[in-house]
Every structure is written in structure tokens, then in C-alpha cells.
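Notes follow the structure.
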Amino acid sequence: MARALMSRRELIAGLAGGAAVAGRAWAAPHTDVRLLVVFLRGAYDAANVVIPVGSDFYYQARPRLAVARPDPADPAAALALDADWGLHPALRDTILPLYAKGQAAFVPFAGTDDLSRSHFGTQDTIELGQNAQGARNYQSGFMARLAAELTRVRPIAFTDQMPLIFRGGSEVVPNVSINRVGKPGVDDRQAALIAAMYQGSALEAAVTEGFRVRDEVFHAISDHQAQADRGAVSPRGFELAARRIGRLMREQFNLSFVDVGGWDTHVNQGAATGYLADRLGEVGRGLVGFVEEIGSGWSNTVVVVLSEFGRTFRENGNRGTDHGHGSAYWVLGGGIHGGRISGPQVRIDEASLFQKRDYPVLTDYRALLAGLFQRLYGLDAASLQRVFAAVKPAKLDLA
């Protein structure tokens, strides 16, 4: 009977555009905290974003890709974060002001225990939040497990399909493609027929609520579609997508996930300008647009930006970088303890590289997130273990 009930739930989720809710009423959250996880798929080059400007080895290893040391007179130079670290100049007008206000922090040498250097495998590792060396349960993503530990949570995935990170748990999480907005696959007549099928059953309320949320989200997005032509980026760009996410999270949702592709820079990556710089500019503008749209709710919002792994510390022969290991994560929010580089660090030279090629991982991403969730939600040890089994929360004091 339990399996049959789940099948009906899955069917309803698909017919209603993924908006049916099972197991919990959608009410005001018990906390004002909003969490958005932004996944940069493709493994972004962290060393050219949070730049080790204090390392001579960085400049030796990247003769064509290195970003110059901070120099106020040089617009192409890195932006000083502290004595050892700088920020890519493409983020001058977006992320740097947040850092200056204590609303952005960076965690270098962060990542997973996955050593495969496989995009898909390591992306799965992160979304599952399980030990990469053990057996995997592909029906248990860490944000689904987090949602199960929270009360009155309102989750959503801004993706074409339900991401692995939200699979499992008691929630049927709505997923909405922010970049491609079309009419709902089920029209009003079909929706009425489906609702009638479940009238009087235990699933009647979930079906009704599912279609209501689907319509609400569709109109919230499509009503602003015409604004795309007023900006410098297309409607498919992250800048506009992030504004839509900000509006929806301001008004409805408090636990969200979005992924952004295009970070696999094997060839012609660029330094202060070029392909990577352009992508960073888009993400930076998108995140600032998100902050503007969420308004006063920014004080109780946290954004985590991560990627599956970093890239090789040395540049390759094609003016790019290859698959690496350690990365740098971003933590943003109106109420975080930012304006600093957080977590364990090492002096960057050839001897400190992992396998003589990559950043080492000194902060496990699950420990980072577990510590953050502990501070944001007040989760006890048992709850944290259900989200990230056998992981000790990192005390980075980010929130």
C-alpha cells in the first residue's frame, strides 16, 4: 500500500508540474531563514576567483592565466580581500561590496572526499551528501533530508528536472525551470478532471494545493518575462533568473536550489578578462539582483555557492585548466559573519598541492554545511547526523 501511495504522489507531482505537496501543510515557516544553494556545474576555477595573491607559486604556475596582484591603479588587477587573498575584478561591483559589508565570506580548500575527478560522479557526491567511498542511496539527497528535519518548510528546485539533491524525504518538492517558461503541461480542464478523480480521497488536499502552487509560480514568472529585453542579458541568463528566484523566495519559498552551467574551462579560460570573467560577471550581477529582489528578507537569507571540484593549479597548454580537487565556496547573507576568508588554510606552494597538481581539501563540504545548518536552524546532533551521517560540524562561525 505504501508503494502504491508513493506512485500516486509521483504521478500527481508530474501532472501538476511538480508542485504537489505531501505530508506537510504549507504554512508560514517557523523561522525566517531562507537558504539558497547555487551549484556551479562544470567545476569552476576557484584559484582565479578567490585568488592566492600572496603566493609567488601562483604566478609561476599560471604565466598566461594569473590575475595580477592588487593594484588600485590597475582595473585588471585582483581586488584585495586580505593580505593573502584577492577577488577576481569581474566581481568588483557585485560581490566585493557585499564582502566589504560583512555579507560575503569565502572558504578556500573546500570540497569532497571524491577523488574521481568526474563531473557527474562528484556532482552526485555533493548532491547526495553521503560518503563517496561507501554505498550510495540515490533516493536520498541532502536537501531532502534537511527539509525532513525542519517544520513548515517550503522547498523548491529551480531546475528543469528534479535534482538529486532533493530526492527522497517526505516532501514532494516543486521544481520549476526559471529559464524556459511555458504554459503548464496540464490545462485548466485537465486539472479539474484530475482534481475530481481525487475528490474525497486522502490526497485531495495535496492535489488541490499542487495545482494552486503550480499556477501561482507560473504567473509569478511569466508576468515578468517581458522585463528580459530591458536588461543586458537574455531571459535565459542567470542574472534574470536570480531576480525571479528572489521574488519567489521573498514571497513563498524558504529552501531552494538552482544550478548554473558553463564552468568547464579546459580551453581559453582567460585571466582578468575572457570566458571565465564573463561568466563571473553574470553570476555576480545575478546574485546582486537576487539581493535586490528579496529586499528586507536579505537579513535572514543565506546563499551558498559551490561547485563539484576545483581545477588544476597549473594552467594547461590550451590556456585553460583541467579537472582538479579542492575548491572555494562562497557564503553570502545579510546576517552572516562575513568579510573574511574562513576555514583552515595552507601556504600555497608546490609542496602543499594535492597529488602535486590541485588544491587540497581541508574543509569537507558536509562539515561546512552541517555547521551552517546547526547555526541557522538550531539543529541538534541527532538531526545533523540524519542530514550528514558520521560528519562532525565545522565551526567556521559563518552564521
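Read the figures in this text as sums done on the coordinates, not as results from a lab. For clarity, every value in this text was computed on a predicted model and none was experimentally measured. Neighbour counts run over all protein chains shown; Cβ positions are idealised from the backbone, glycine included.
Would you mind calculating the gained length between Asp349 and Tyr275 on full extension (0.36 nm times residue separation, minus the Cα-Cα distance), in nm to one decimal?
On the way: separation 74, 0.36 × 74 = 26.64 nm, distance 2.64 nm.
Using 0.36 nm per residue and subtracting the Cα-Cα distance, I get 24.0 nm.
Would you mind checking which residues have amide H under 5 Å from Ser307's amide H? H placed 1.01 Å from N; only 5 or more apart, or other chain.
Leu40
With the calculation restricted to Cα positions, what are the radius of gyration and Dmax of region 34-133 in angstrom?
15.7, 49
Want the number for Asp82 to Thr151: 0.36 nm per residue separation, take away the alpha-carbon distance, what's left?
Values: separation 69, 0.36 × 69 = 24.84 nm, distance 3.95 nm.
My answer for the length gained is 20.9 nm.
Ranking request for peptides 40-46, 337-343, 74-80, 362-368: highest mean number of other beta-carbon atoms within 10 Å first, then the rest in descending order. Kindly include the intermediate steps, with their values, before the conclusion.
Details: 40-46: 23.6, 337-343: 18.0, 74-80: 16.1, 362-368: 21.3.
Per-residue Cβ counts within 10 Å, averaged per peptide and sorted highest first, yield 40-46, 362-368, 337-343, 74-80.
Say R0 is 56 Å: what FRET efficiency, to the nearest 0.05, do Ser140 and Ala73 get from their beta-carbon distance? It would help to have the intermediate numbers written out before the result.
On the way: r = 53 Å, r/R0 = 0.94.
That gives a FRET efficiency of 0.60.
Quick one: length gained pulling Glu251 to Met197 fully straight, 0.36 nm per residue minus the C-alpha distance? Spell out each step's value before the answer.
On the way: separation 54, 0.36 × 54 = 19.44 nm, distance 3.07 nm.
In short, 16.4 nm is gained.
Ile51's amide H: which non-local residues (gap 5+, or another chain) put their own amide H closer than 5 Å, with H modeled 1.01 Å from N in plane and none for Pro or chain starts?
Gly86, Leu87, His88
Over all pairs of distinct alpha carbons, what does the Kirkwood formula give as the hydrodynamic radius of region 274-398, in Å? Please list the in-between numbers first.
Values: mean 1/r = 0.0598 Å⁻¹.
It works out to 16.7 Å.
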